[in-house]
Amino acid sequence: MSSTGPLVCTSIAQVREQIESRVARGARSVGLLPTMGALHHGHVQLARRARDENDLAVVSVFVNPLQFGPGEDFESYPRQLEQDLALLAEVGVDLVFAPDVQEMYPDGVPVVSVTSGAAGGVLEGATRPGHFDGALTVVNKLFTIMAPGPGTPFRAYFGEKDAQQLLLMQRMVRDFDHRVEIRPVPIVRSERGLALSSRNQYLSEEQAEHALVLHSTLRALAAGELTLEQARQRVDAEPEVSLDYLETVDPRTLEFVAPEPGALALVAAWVGPTRLIDNMRI
């Protein structure tokens, strides 16, 4: 990394050339953090892991239109590359891949894409049809672009907040035999427990206060203080909060199970117009 921050690559050819040349010059491992920008402290922790565990740390910043459904916030999703670069410079990231839509999808919506199957059609996938297909498709492409080649360890970093996405990424790597190791990173929370998200900046001060019910309810459920139905009622009773789902699943398969030790509790809710997710092991 230069003293002025990470090198920004805007084309596939440029980022490939940079990775290949740096590996040829001695970089013995590559760490990738895929993002859509609007970085926060949670992303910083992911980037720091990629930096600490690899010789070459790469972050992609791309607001992927395939992950947004009709009426979602693609147009208004925060785009703040200069602020993102400043954060990544503090961590010591080497390369930032920041393509535009034309670079990633020159012919428009890809003819061939990755589908998420049954595991991508429940929970988040039920509310946001096609979301995981879009996420898997772009990350599959990023893996193909960034892969340093045989003999050089390649690691990709994903936050545990997006638990369903994490499971699907792990499954895609197995199914497609990608030469990449998925490294999960624990949820980063505010001092009061709110899971950090790029969408938190949409919340008013009052809405952020109401959003704390997600974490507090998960804690009570995990402690056995609430039944699953009581937990749902508690979230839905909070002012300005509208529950989408609160379920407990097998973390390996996403099959619905009783709220017992080893299960993963997942919650999604609208706080005002902003949709937030969170999860916790029981």
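Among (1) among the hydroxyl-bearing types (Ser, Thr, Tyr); (2) at pLDDT 95 or above; (3) within 14 Å of residue 164 (Cβ to Cβ), there is one condition residue 253 misses while meeting the rest; what is its number?
Result: residue 253 passes all but (2).
Is it fair to say residue 243 is within 19 Å of the chain's Cα centre (by Cα) and outside the structural domain of residue 163 (by TED's automatic domain parsing)?
no
Among 49, 16, 25, which is among the basic types (Lys, Arg), surrounded by 18 or more Cβ atoms within 10 Å (Cβ to Cβ) and modelled with pLDDT of 95 or more? It would help to see each step written out before you state the result.
Working: 16 fails: surrounded by 18 or more Cβ atoms within 10 Å (Cβ to Cβ); 25 fails: surrounded by 18 or more Cβ atoms within 10 Å (Cβ to Cβ).
The unique qualifying residue is 49.
Only one of (1) more than 29 Å from residue 114 (Cβ to Cβ); (2) free of Cβ contacts under 8 Å to residues at least 60 places away in the same chain; (3) not in a strand (DSSP E or B) is not met by residue 242, so which one is it?
(3)
Condition (residue is in a helix (DSSP H, G or I), of a type in the set (S, T, N, Q) and more than 20 Å from the chain's Cα centre (by Cα)) applied to segment 79-99: is it met by at least one residue?
For segment 79-99, residues in a helix (DSSP H, G or I), of a type in the set (S, T, N, Q) and more than 20 Å from the chain's Cα centre (by Cα): absent.
Can you tell me which residue among 203, 166 is in the same structural domain as residue 36 (by TED's automatic domain parsing), among the aliphatic types (A, V, I, L, M) and closer than 22 Å to residue 77 by Cα?
That would be 166, the only listed residue that is in the same structural domain as residue 36 (by TED's automatic domain parsing), among the aliphatic types (A, V, I, L, M) and closer than 22 Å to residue 77 by Cα.
Listed residues 208, 237; which is over 25 Å from residue 262 (Cα atoms), hydrophobic (A, V, I, L, M, F, W, C) and touching a Leu at 6+ places or on another chain (Cβ under 7 Å)?
That would be 208, the only listed residue that is over 25 Å from residue 262 (Cα atoms), hydrophobic (A, V, I, L, M, F, W, C) and touching a Leu at 6+ places or on another chain (Cβ under 7 Å).
Can you tell me which residues in segment 172-186 are surrounded by 18 or more Cβ atoms within 10 Å (Cβ to Cβ) and within 23 Å of residue 267 (Cα to Cα)?
185
Taking segment 125-160, which residues are in a loop (DSSP other than H, G, I, E, B), touching a strand residue (DSSP E or B) at 6+ places or on another chain (Cβ under 9 Å) and modelled with pLDDT under 95?
128
Is it the case that residue 8 is surrounded by fewer than 21 Cβ atoms within 10 Å (Cβ to Cβ), of a type outside the set (Gly, Ala, Ser), in contact with a strand residue (DSSP E or B) (Cβ under 9 Å, 6 or more places away or on another chain) and not in a helix (DSSP H, G or I)?
When the stated conditions are applied, residue 8 passes them.
Can you tell me which residues in segment 196-225 are in contact (Cβ under 8 Å) with a residue 12 or more places away in the chain, charged (D, E, K, R) and over 29 Å from residue 80 (Cα atoms)?
Looking only at segment 196-225, we keep the residues that are in contact (Cβ under 8 Å) with a residue 12 or more places away in the chain, and these are 196-204, 206-208, 210-222.
Next cut, charged (D, E, K, R) only: 199, 206, 219.
Across segment 196-225, the qualifying residue is only 219.
Scan segment 1-50 residue by residue and report those that are basic (Lys, Arg) and within 16 Å of residue 148 (Cβ to Cβ).
Of all residues in segment 1-50, those basic (Lys, Arg) come to 16, 22, 25, 28, 48-49.
Once the filter is applied, which keeps residues that are basic (Lys, Arg) and within 16 Å of residue 148 (Cβ to Cβ), segment 1-50 yields 16, 22, 25, 28.
Name the residue, out of 16, 49, 22, that is touching a residue at least 12 places away in the same chain (Cβ under 8 Å) and either closer than 20 Å to residue 184 by Cα or part of a loop (DSSP other than H, G, I, E, B) (or both).
Sole residue among the options that is touching a residue at least 12 places away in the same chain (Cβ under 8 Å) and either closer than 20 Å to residue 184 by Cα or part of a loop (DSSP other than H, G, I, E, B) (or both): 49.
From the list 69, 37, which one is crowded, with 18+ Cβ neighbours inside 10 Å and of a type in the set (Gly, Ala, Ser)?
Every option except 37 fails the conditions.
So is residue 74 under 29 Å from residue 268 (Cβ atoms), part of a helix (DSSP H, G or I) and among the aromatic types (Phe, Trp, Tyr) or not? Before the answer, list the steps.
On the way: under 29 Å from residue 268 (Cβ atoms): yes; part of a helix (DSSP H, G or I): no; among the aromatic types (Phe, Trp, Tyr): yes.
No; evaluated as a whole, the condition is false for this residue.
Out of all the residues in segment 106-124, is one or more touching a strand residue (DSSP E or B) at 6+ places or on another chain (Cβ under 7 Å) and either at negative phi or surrounded by 14 or more Cβ atoms within 10 Å (Cβ to Cβ) (or both)?
Yes.
For the condition surrounded by 15 or more Cβ atoms within 10 Å (Cβ to Cβ) and touching a Pro at 6+ places or on another chain (Cβ under 9 Å), what is the one hit in 87, 95?
Result of the check over 87, 95: 95.
The rows are residues; the columns are (1) in contact with a Lys or Arg (Cβ under 7 Å, 6 or more places away or on another chain); (2) closer than 25 Å to residue 248 by Cβ; (3) part of a loop (DSSP other than H, G, I, E, B); (4) at pLDDT 95 or above.
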| residue | (1), (2), (3), (4) |
| --- | --- |
| 173 | no, no, no, yes |
| 184 | no, yes, no, yes |
| 209 | no, no, no, yes |
| 212 | yes, yes, no, yes |
| 231 | no, yes, no, yes |
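The values are calculated or read from the model by the stated rules, or taken from the named source; none is laboratory data. Just so it is clear, the structure is predicted and the values come from calculations on it, not from any experiment. Cβ sites come from the backbone with ideal geometry, for glycine too, and all protein chains shown count toward neighbours.
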